[in-house]
């Protein structure tokens with residue numbers, strides 16, 4: 001009997017050892033042990049996608065393993081963010097997020113369909129801030145909000161946006177409310193497609209990043225009307241374009257794009273990734289790249305990202 005019990009004990013110990021090996025945790029001190037994938041949940045060719053691919057070129061240099069930049073599209077980023085929940089903490093997969101998914105989508109119609117929340121993720125670092133711009137078909141000769149309001153009387157304007165519940169869509173709705181005009185959102189799977197729609201005359205207006213509309217503005221196809229910031233901009237492309245804040249609007253914010261890990265990821269990994277991206281953002285060539293993209297380096301930490309998410313949520317609730 002004793003021999004049988006001893007044999008059973010040996011078997012149980014063996015199975016326990018095998019089970020423990022199968023459940024072995026990642027060695028955070030030597031992480032990453034393989035390539036790190038950074039998922040952009042928005043369209044190829046967009047600002048976030050281009051920044052992701054540019055930053056990824058320094059991955060092997062700074063992390064010892066490559067950074068693979070990839071895209072997963074659908075529902076304005078919600079598909080990728082939902083699928084990301086399948087990752088365990090300390091995964092080699094990271095993902096981009098922004099205020100659209102965490103501040104706007106949860107506070108508009110259809111929010112009950114969202115299967116993730118901001119608390120499911122661990123913010124690591126914000127990479128950039130960008131100012132959205134409203135552009136119009138050049139044939140309309142609309143170059144400011146006063147002209148827009150006058151043109152809109154008795155009309156229902158069509159405005160092209162990236163996704164129906166994203167940052168651009170909210171800014172359009174809030175602007176229409178401020179001006180007391182009717183505006184119909186036409187959703188596209190990417191700001192570039194939204195701009196193409198306005199350039200082709202499918203819509204009268206579009207909202208995008210400055211860099212995305214640059215070619216159409218320089219080519220005399222679209223006119224800048226207003227930027228969604230407290231103050232205006234004045235550069236080689238957008239000359240003396242006012243900010244909505246100068247018209248008395250409070251419905252504006254800068255677009256942020258931050259890198260997220262799965263909630264529960266070890267702080268050593270968070271710190272390692274943040275340090276790598278801080279080094280990337282500090283490179284002179286990255287500063288020139290950001291300037292060409294008409295965006296600003298903005299390496300916010302977790303506390304600042306948390307504040308941005310809550311601030312934008314408050315703006316949304318106050319203006320819808």
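The values are calculated or read from the model by the stated rules, or taken from the named source; none is laboratory data. The structure presented is a predicted model; accordingly, all values stated were derived computationally and were not measured. Glycine also receives a Cβ, built like all others from the backbone with ideal geometry; neighbour counts cover every protein chain displayed.
Okay, here's what the table says:
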quantity: Output for region 194-209, where each listed residue is surrounded by fewer than 17 Cβ atoms within 10 Å (Cβ to Cβ) and in contact (Cβ under 8 Å) with a residue 12 or more places away in the chain; calculated: 201, 202
quantity: Only listed residue being assigned to a helix (DSSP H, G or I) and at pLDDT below 95, chosen from 82, 17; calculated: 17
quantity: Test result for residue 241, in contact with a strand residue (DSSP E or B) (Cβ under 8 Å, 6 or more places away or on another chain), within 23 Å of residue 199 (Cα to Cα), outside the structural domain of residue 41 (by TED's automatic domain parsing) and buried (at least 22 other Cβ atoms within 10 Å of the Cβ); calculated: yes
quantity: Boolean, residue 59 is assigned by TED's automatic domain parsing to the domain that holds residue 111, in contact with a helix residue (DSSP H, G or I) (Cβ under 9 Å, 6 or more places away or on another chain), at pLDDT 90 or above and more than 24 Å from residue 166 (Cα to Cα); calculated: yes
quantity: Candidate set: region 274-285, residues that are surrounded by 17 or more Cβ atoms within 10 Å (Cβ to Cβ) and in contact with a helix residue (DSSP H, G or I) (Cβ under 6 Å, 6 or more places away or on another chain); chosen: the one nearest to residue 36 (Cα to Cα); calculated: 276
quantity: All positions within region 46-67 that are under 22 Å from the mean Cα position of the chain (by Cα) and exposed (fewer than 15 other Cβ atoms within 10 Å of the Cβ); calculated: 57
quantity: Some residue of region 279-302 being closer than 19 Å to residue 123 by Cβ, assigned to a helix (DSSP H, G or I) and more than 18 Å from the chain's Cα centre (by Cα); calculated: yes
quantity: Output for region 144-156, where each listed residue is out of contact with any helix residue (DSSP H, G or I) (no Cβ under 8 Å at 6 or more places or on another chain) and under 16 Å from residue 207 (Cβ atoms); calculated: 144
quantity: Index of the failed condition, residue 147 passing every other in (1) assigned by TED's automatic domain parsing to the domain that holds residue 82; (2) surrounded by fewer than 20 Cβ atoms within 10 Å (Cβ to Cβ); calculated: (1)
quantity: Strands (runs of 3 or more DSSP E) contained entirely in region 107-203, each with at least 2 residues that are under 30 Å from residue 278 (Cβ atoms); calculated: 121-130, 132-137
quantity: Residue in region 134-145 that is within 19 Å of the chain's Cα centre (by Cα) and touching a residue at least 24 places away in the same chain (Cβ under 8 Å) present; calculated: yes
quantity: One residue from 313, 251 being touching a residue at least 12 places away in the same chain (Cβ under 8 Å), surrounded by 13 or more Cβ atoms within 10 Å (Cβ to Cβ) and part of a loop (DSSP other than H, G, I, E, B); calculated: 251
quantity: Residue match in region 264-273 (condition: within 17 Å of the chain's Cα centre (by Cα) and crowded, with 21+ Cβ neighbours inside 10 Å); calculated: no
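Let's see how each residue does on (1) more than 24 Å from residue 263 (Cβ to Cβ); (2) in contact with a helix residue (DSSP H, G or I) (Cβ under 6 Å, 6 or more places away or on another chain); (3) surrounded by fewer than 17 Cβ atoms within 10 Å (Cβ to Cβ):
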{"site": "79", "(1), (2), (3)": "no, no, yes"}
{"site": "109", "(1), (2), (3)": "yes, no, yes"}
{"site": "133", "(1), (2), (3)": "yes, yes, no"}
{"site": "142", "(1), (2), (3)": "yes, yes, no"}
{"site": "164", "(1), (2), (3)": "yes, no, no"}
